[in-house]
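Engineer: Okay, handing you the structure first.
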Amino acid sequence: MSRNNEQRHFHRIFYNSQVTLSHESTQWPCELIDISLHGCLLRFNKAWEQSNLETLYTLTLVLSEAVSITMSVSVSHVIDKEVGFKCEHIDLDSISTLRRLVELNLGDNKLLERDLIALAQAN
């Protein structure tokens with residue numbers, strides 16, 4: 001099934017920003033293409049070569065000096081330089097910030113509530 005034909009359970013927010021992906025002492029600078037309550041899509045400078053799909057990475061998105069979103073993610077799919085990550089864990093402060101970001105971008109509380117229900121059912 002192609003990415004264009006997938007039926008999405010979460011609304012994606014297109015948010016062009018620099019983020020950092022890390023694992024142990026290694027960091028990969030990357031660009032955030034989009035983010036949702038369920039995960040994100042990142043673009044790297046070169047093709048993704050990490051082969052262990054079980055690895056948990058830490059994604060950090062800094063929105064301001066005082067506000068950031070941090071989540072543990074795992075690879076869900078790879079297409080050359082673009083890599084989809086699934087959110088495996090997110091702390092309460094980060095999920096609150098992400099929820100507010102999604103809410104502001106959707107402009108419709110019903111859509112946000114649908115995303116939250118889908119998130120609860122996915123876990």
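Laboratory data are not the source of any read-out in this text; all were calculated from the coordinates shown. Computed from a prediction, not measured in an experiment: that's the story for all the values here. Heads up, the Cβs are rebuilt from the backbone with ideal geometry, glycines too, and the neighbour counts pull from every protein chain shown.
Engineer: Counting other beta carbons within 10 Å of each Cβ, put Val78, Val67 in order, fewest first.
Structural biologist: Val67, Val78
Engineer: To make sure I understand, if each residue's beta carbon is the centre and we count other beta carbons within 10 Å, what order do His38, His23 fall in, fewest to most?
Structural biologist: Numbers: His38 19, His23 13.
Fewest to most other Cβ atoms nearby, the residues stand as His23, His38.
Engineer: Taking the range 32-89 as the region of interest, what is the percent of Cα-Cα pairs per 5 angstrom bin, listed from the shortest bin to the one with the maximum distance?
Structural biologist: 4, 19, 30, 25, 15, 5, 2
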